[in-house]
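Below: one structure, written as structure tokens.
Laboratory data are not the source of any read-out in this text; all were calculated from the coordinates shown. Everything quoted here is computed from the prediction, not taken from an experiment. Reconstructed Cβ throughout: ideal geometry from the backbone, glycine too, with neighbour counts over all protein chains shown.
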Amino acid sequence: LIENDVFSYLSGLQILELNSNNLNKISNFLFSYLNKLEHLDLSNNKITIIENRAFENLINLKNISLRFNQIKYFDHILFMNLINLKHLELSNNQLSKIDKKSFRNLTRLQILNLNDNCLFKLEIDLFDSNILINNLNLAKN
């Protein structure tokens, strides 16, 4: 468990690697002081829950990796404020459905990896705001 204020003195941090730490939950506002963060790696944990405001203040984030976790679902507002995100890695989780509004504000997204999940249906307008995507991986679903 990481306490919410642990990063409060690191406001200039640009890269944060939290991979392979047996994390199982990402709480609201955990990264709220890290508005200069550009790269966040949460891969290879045991994350099942990401609260819907966990990434709220990460307006400069360009890359986030959540691969190799146990995520089954995320709220459609989870990524809403990640307006500069270019690379979203959600592979090797247990996602079965993604709300059609989930990626709506990610207008700069170029790479989206959703491979090795349990997706059985994608909404017709899921990617309607993501015209810059040039690499979409949906293999092994």
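Simple point charges give the picture: +1 on the Cβ of Lys and Arg, -1 on the Cβ of Asp and Glu, and for the chain a dipole about the Cα centre of about 280 debye.
Using the Cβ of K86 as centre and a radius below 15 Å, the other residues enclosed give a net charge of -1, where K and R count +1 and D and E count -1. A viscosity of 1.567 mPa s and a temperature of 4 °C, combined with the Kirkwood radius over C-alpha pairs in the Stokes-Einstein formula, give the chain a diffusion coefficient of 86 µm²/s. Taking every alpha-carbon pair in the stretch 1-58 and binning the separations at 5 Å intervals from zero gives 5, 20, 29, 31, 14, 1 percent.
A simple count of charges around I49, restricted to other residues whose Cβ falls under 14 Å of its Cβ and scoring Lys, Arg +1 and Asp, Glu -1, yields +2. Checking the cross-link pairs K46/K100; K62/K140; K101/K121; K72/K100; K46/K72; K36/K97 against a 20 Å limit on the alpha carbon distance flags K46/K100; K62/K140; K36/K97 as lying beyond it.
Dipole orientation for the chain: of the candidates I124, N19, S96, I124 has the Cα lying most toward the positive pole (charges on Cβ; Lys, Arg +1; Asp, Glu -1).
Qualifying GluC sites (Glu not before Pro) in the stretch 1-48, where qualification requires a DSSP coil assignment and no more than 11 other C-beta atoms within 10 Å, comprise E3. When the GluC sites (Glu not before Pro) in the stretch 50-137 are filtered for DSSP coil states and for at most 16 other beta-carbon atoms within 10 Å of their beta-carbon, the remaining sites are E51, E123.
The residue among N84, N137, N4 whose Cα reaches farthest toward the positive pole of the charge dipole of the chain, with charges on the beta-carbon of Lys, Arg, Asp and Glu, is N137.
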